[in-house]
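Below: the structure, in structure tokens.
The values are calculated or read from the model by the stated rules, or taken from the named source; none is laboratory data. Predicted model only: the values in this text are computed from it and were never measured. Here Cβ is always computed from backbone atoms with ideal geometry, including for glycine, and neighbour counts include all displayed protein chains. Areas reflect the complete protein model, heavy atoms only, side chains present, ligands, DNA and RNA absent. Shrake-Rupley method; radii C 1.70, N 1.55, O 1.52, S 1.80 Å.
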Amino acid sequence: MVKTNAMRMLDKAGISYSTKEYEVDENDLSGSHVADLMGVDHGSIFKTLVLKGEKTGYLVCCIPVDGELDLKKVAKAAGDKKAEMIPMKDLQGITGYIRGGCSPIGMKKLFPTFIDESALKYPQIAVSGGVRGQQIIMDPQSLVDFINGKFTNLMHV
């Protein structure tokens, strides 16, 4: 296993986590596929999405892999009138991460970050380790505290 920047940051902060590697399928980078490969509840694996709010600028949302983001709820959480997903081609330039390996930990800048409140139902959740094929598993409250994030309702019901 290769230590990613996200893992090194957690190590430096003394935050407890574990990791899980999985085989990357370039034809299916979906979080649902990752959850199946890891053999875990889909609700406990969170995908990281990057958006842009009209006033806030770039912001990050983490929701369960099968969930659908509600842009109105995201905008409200960020204090904006509207928010929209960034174009995929801009992801690496903004965050330093590629699709399928975008972690809420260790982006180029610390953006406002919102994690769906469903994370609180689990003792541990998984987020990308910062590369494809690597997940970081940790306590959701420790994650929110470390990235200075907020729990809120982000999904369509």
request  = Only residues that are β-branched (V, I, T) and assigned to a helix (DSSP H, G or I): list them for the range 22-39, please.
outcome  = V34
ask   = Which one is least open to solvent (accessible area, probe 1.4 Å) among residues in the range 1-39 that are over 12 Å from G129 (Cβ atoms) and at pLDDT 90 or above?
value = I15
query = How about the range 111-127: which of its residues are without any contact (Cβ under 8 Å) to a residue 40 or more places away in the chain and surrounded by 14 or more Cβ atoms within 10 Å (Cβ to Cβ)?
reply = E117
ask   = Going by the conditions given, is V74 more than 15 Å from T152 (Cα to Cα) and open to solvent by less than 70 Å² (accessible area, probe 1.4 Å)?
value = no
task = Would you please name the residue that is farthest from M38 (Cα to Cα), looking only at residues in the range 1-25 that are under 18 Å from the mean Cα position of the chain (by Cα) and β-branched (V, I, T)?
result = I15
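Can you pull out the residues in the range 78-110 that are among the aliphatic types (A, V, I, L, M), over 12 Å from the mean Cα position of the chain (by Cα) and either open to solvent by 20 Å² or more (accessible area, probe 1.4 Å) or within 13 Å of C61 (Cβ to Cβ) (or both)?
First, pick out the residues of the range 78-110 that are among the aliphatic types (A, V, I, L, M): 78, 83, 85-86, 88, 91, 94, 98, 105, 107, 110.
In the following step, the residues that additionally are over 12 Å from the mean Cα position of the chain (by Cα) were identified as 78, 83, 85-86, 88, 91, 94, 98, 110.
A78, A83, M85, I86, M88, I94, I98, L110 - these are the residues of the range 78-110 that are among the aliphatic types (A, V, I, L, M), over 12 Å from the mean Cα position of the chain (by Cα) and either open to solvent by 20 Å² or more (accessible area, probe 1.4 Å) or within 13 Å of C61 (Cβ to Cβ) (or both).
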inquiry  = I'm told T56 meets every condition in (1) under 15 Å from the mean Cα position of the chain (by Cα); (2) farther than 23 Å from H33 by Cβ; (3) among the hydroxyl-bearing types (S, T, Y) except one. Can you identify the failing condition by its number?
reply    = (1)
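Per-residue answers, yes or no, for (1) β-branched (V, I, T); (2) not in a helix (DSSP H, G or I):
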{"residue": "D66", "(1), (2)": "no, yes"}
{"residue": "A75", "(1), (2)": "no, no"}
{"residue": "D90", "(1), (2)": "no, no"}
{"residue": "I105", "(1), (2)": "yes, yes"}
{"residue": "P123", "(1), (2)": "no, yes"}
{"residue": "V131", "(1), (2)": "yes, yes"}
{"residue": "I136", "(1), (2)": "yes, yes"}
request  = Filter the range 40-57 for residues that are in a strand (DSSP E or B) and open to solvent by less than 40 Å² (accessible area, probe 1.4 Å) and give the result.
outcome  = I45, F46, T48, L49, V50, L51, G53, G57
ask   = Can you find a residue in the range 129-140 that is more than 17 Å from K20 (Cβ to Cβ) and among the small types (G, A, S)?
value = no
ask   = Tally time: how many residues in the range 143-157 are assigned to a loop (DSSP other than H, G, I, E, B) and open to solvent by 40 Å² or more (accessible area, probe 1.4 Å)?
value = 4
